[in-house]
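The values are calculated or read from the model by the stated rules, or taken from the named source; none is laboratory data. What you see is a predicted model; the values in this text were computed from it and never measured. Methodologically, a virtual Cβ is constructed for each residue, glycine included, from the backbone with ideal geometry; neighbour enumeration extends over all protein chains shown. Accessible surface areas use protein heavy atoms only, side chains included; no ligands, DNA or RNA. Shrake-Rupley method; radii C 1.70, N 1.55, O 1.52, S 1.80 Å.
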Amino acid sequence: MIWMPDDPEAEERALTGRPLTIGDRLALARPRTRRHPLMRGRTAGLGLTAFILAGGGNRGAVQVGMLAALVERDVYPDFILGTSVGALNGVGFAIEPSRASLARLTEQWLSASRDTLFPPARFGTTWRYAQKRPFVYPNTGLERFLRSNVPISDLSETALPVEIVATNAATGEPLRISTGDPIKALLATTALPGALPQIEMDGRFYIDGGISDDIPLLRAASLGATTVYVLLCGARNRAAHGRSRPIEAVLESFSLAKLARLRADIAALEGRVKVVVLESTAAQAVAWLDFSRSEHLIEEGYRETAKLLAGMPATAPIKRGRIWAVPTPAPALPLTGPY
């Protein structure tokens, strides 16, 4: 394989061993000849493919099923952008984009529960709301979960380039993270205001990436993507569901705003970027912090995505079977692509 670095600064960083940003890794991964086996379903010259995994809390299990349907059809990304829970799934898949990683993600979701991620308070949740602090839950349970399931020390170590979005708590501007401590980045992107504490990085505080750019479609286009698969944790056409708690009504309103921006971004990129939106009507009916339906969401995410992809031209012969339940060795992936 002969590579064609078209960014001298990125090449210098690679040669000196410094962490590579997502832009560096994409600039260094221009293959002159054949593509990597993972990209065998792609044709050279068609541009880059991106996966965007949006936020959605406990509904994020649905994205594992969506990824399984994509892998079954031999659809792989050149890079991944993730926000909030979508960043957790995105990093897990980017570390080793294979059936085995989907099996591990499934196990992680089935082991997750409200009590392990958000340990119950000694005097009950009502007491937590009465406390004079800007968050209800500590992130100790979530941090333990991440440290048990994220086997890398730097985001630049993933097989596929991945970028995480967090939000500057002072300015509201997005911070795009593709190098550095993955645990701190994931804690930042999932720090839902009012629910979890802000995360300090380099003297600044950050909160949930969904506040500033939950579905970074324009960012994907700026990185060279001409095909983007957006993995939602719900549906674009929102069905009316009764919400039993005020927090659920707030989150539902938040989702409406994100979907309005998604429609605007798709319109802005019309004719330049092909956008495939993967959605789930089953996910939006699941209550906040209800992890008991994770297996159902994985199954539904797979079913709905497979149905959608069945109506699209295949990029390669379809591999039958429940992908996430059939671990197989993944091909070795060089850090510098071709991604």
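Key figures for this structure:
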| item | result |
| --- | --- |
| Fraction of accessible area attributable to carbon and sulfur, the range 173-222 (%, probe 1.4 Å) | 47 |
| Fully extended contour minus Cα-Cα distance, from SER148 to ALA285, at 0.36 nm per residue | 46.4 nm |
| Heavy-atom surface of the range 135-209, accessible at 1.4 Å and reported per residue (Å²) | 39 |
| For PHE79, distant residues with modelled amide H under 5 Å away | THR49, PHE51 |
| Full-extension gain in nm, LEU308 to SER111, via 0.36 nm per residue minus C-alpha separation | 68.0 nm |
| By average C-beta atoms within 10 angstrom, highest first, the peptides 157-169, 286-298 | 157-169, 286-298 |
| Accessible surface of ILE211 - all protein chains present, 1.4 Å probe, nearest 10 Å² | 80 |
| Theoretical FRET efficiency, 1/(1+(r/R0)^6), r = Cβ-Cβ of ARG18 and ARG204, R0 25 Å, to 0.05 | 0.70 |
